[in-house]
Amino acid sequence: MFCYQCEQTAGGTGCTKVGVCGKNEDLASLQDTLIIGLKGVAAYAYHARELGYRDEQVDAFMSEALFATLTNVDFDLNRFIDLVLRCGEANLRVMELLDKAHVARFGSPEPTRVSTGTKAGPAILVTGHDLLDLYELLKQTEGTGINVYTHGEMLPAHAYPELKKFPHLAGHYGSAWQNQKTEFEEFPGAILGTTNCVLIPKESYRERMFTCGIAGLPGVTHIKERDFTPVIEKARQLPPLPEKEGGTLLTGFHHNAVLAVADKIIDLVKAGKIRHFFLVGGCDGVKKARNYYTEFVQKVPADCVVLTLGCGKYKFNYLDLGEIEGIPRLIDMGQCNNAYSAIQVALALAKAFNCGVNDLPLSLVLSWFEQKAVAILLTLLHLGVKNIRIGPSLPAFLTPNVLKVLQENYNIKPITTPDEDLKEILG
Ligand code: SF4
């Protein structure tokens, strides 16, 4: 960790870790947290801006917050804690803005069953988060006989009316980002990476891989200004996919869709038929410890509902959890930015039950990996949400002192085992 006072690595050669410098490890930790959170805010702001939406307050906060991380500008820990929470507030604004932009451009998502099989014919696989890239590709491939498949965080695209209207948006292929090397190698068509969480390709598929927008990979053709002609031409030259049956995945539970059945959900809670809600979501990753999330969802009792978002869902979204009187027990709210939808549902339930979000029968069990997850965590803290469980491990950039503040004020805790955590939550 970089020490912003003595300008060297804390704990490195020459670091005395005494006096003011020792205290600055916490300051450096908060600065790192802020910078990581800002990266998440920037990602959402970028997507919104591409769709023609921007927020002056978010832009102003980003300038102020980045400025505050300059060397020797600010050594006040309390001011930094405030800035970190304000980063959560800015992220809430920008997630709201992005949701507004998505809904205005592509319509309000509807619960949608998505095929995981393949159709016979040439194909392009699209990974990342950028719905505008997908939309433009769908327009450019219309009538060409090329099918387009989603990968990773693109799954929720199938739920937007203006995207699902394309009959050649043929289905979903594969799972989360960490499995790209295996899944892309097996996919015979062209592949397009639109955003972060795109891995450096293996030689076996490098020449049929493309990037666009913010994404870039060594030795991979980068598409400019959303002219996907090279991707389309490559798909035409490559072997077609076979006709193959698959299963289905259910997605598209935007807050508009969930709130449309809010009365029914509230009645089921009041009647004791829904005992508890769990928000189990965030990022997926390679660590074996993330199997916790599969086991956790498998062990959630039959009278409980699981909400999910982000690519962490691939740990369990293939499971059939059934329904409670027509309400699915596994509700996929979308991409990580759709944490905004989860927040809207929680706030609406709190209003209906005349209580605070922390008093709802709702527990958050999050998996984190990258910057957007940190921004979302800061949003939850800004909203005063307590008792969040985080895994597979706590962020290493939090010093013991910063962690202590989070634990004392918000009761953040690491995941333990599914059995222990479920026992503690449900009593
Ligand atoms: S949820 Fe996080 S880890 Fe997963 S693809 Fe999105 S940004 Fe990457």
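The values are calculated or read from the model by the stated rules, or taken from the named source; none is laboratory data. Since we're looking at a predicted model, the values are computed, not measured. Here the Cβ positions follow ideal geometry from the backbone for every residue, glycine too, while neighbour counts run over all protein chains shown. Ligands, DNA and RNA are stripped out before the accessible areas are found, and what is left, the full protein with its side chains, is counted by its heavy atoms. Shrake-Rupley method; radii C 1.70, N 1.55, O 1.52, S 1.80 Å.
Numbers for the structure displayed
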{"quantity": "For Ile200, solvent-accessible area (1.4 Å; no DNA, RNA or ligand), Å²", "calculated": "100"}
{"quantity": "Top positive-direction residue, dipole computed over segment 280-334 with Cβ charges, set Leu321, Phe296, Val286", "calculated": "Val286"}
{"quantity": "Dipole magnitude of the chain, debye to nearest 20 (Cβ charges: Lys/Arg +1, Asp/Glu -1, about Cα centre)", "calculated": "440"}
{"quantity": "Protein accessible area in segment 112-237, 1.4 Å probe - carbon and sulfur %", "calculated": "50"}
{"quantity": "Rel. contact order, % - alpha carbon contacts under 8 angstrom, at least six apart, the chain", "calculated": "18"}
{"quantity": "Per-residue [θ]222 nm for the chain (sum of -39500 (n - 2.57) over DSSP H runs n ≥ 4, rounded to 500)", "calculated": "-13000 deg cm²/dmol"}
{"quantity": "Cα-projected label distance for Ile266 with Ile327, points at 7 Å along beta-carbon direction, nm", "calculated": "1.2"}
{"quantity": "Computed magnitude of the charge dipole of segment 254-426 (debye, nearest 20; Cβ of K, R +1, Cβ of D, E -1)", "calculated": "300"}
{"quantity": "Greater than 19 Å apart at Cα, pairs in Lys273/Lys413; Lys139/Lys234; Lys165/Lys234", "calculated": "Lys273/Lys413; Lys165/Lys234"}
{"quantity": "GNM flexibility winner over the chain from Gly322, Gly334, Gly252 (Cα, springs under 10 Å)", "calculated": "Gly322"}
{"quantity": "For segment 149-200, size of Cβ-based charge dipole, Lys and Arg +1, Asp and Glu -1, in debye", "calculated": "160"}
{"quantity": "Selection from Ile232, Leu383, Ala45 lying farthest towards where the dipole of the chain points positive, charges on Cβ", "calculated": "Ile232"}
{"quantity": "Probe 1.4 Å, all protein chains present, accessible-area order of Arg54, Arg275, largest first", "calculated": "Arg54, Arg275"}
{"quantity": "Antiparallel DSSP beta bridges within the chain, as percent of all bridges there, nearest 5", "calculated": "20"}
{"quantity": "Amide hydrogen neighbours beyond the local backbone of Ile331, cut-off 5 Å, H modeled", "calculated": "Val306, Leu307, Thr308"}
{"quantity": "Spin-label pair Cys355/Thr294, simplified geometry with 7 Å Cα→Cβ offset, distance in nm", "calculated": "3.4"}
{"quantity": "Solvent-accessible area of Arg206 with every protein chain in place, 1.4 Å probe, in Å² to the nearest 10", "calculated": "50"}
{"quantity": "Among the listed pairs Lys181/Lys315; Lys202/Lys287; Lys351/Lys372; Lys164/Lys270; Lys164/Lys244; Lys315/Lys372, those beyond 24 Å (Cα-Cα)", "calculated": "Lys351/Lys372; Lys164/Lys270"}
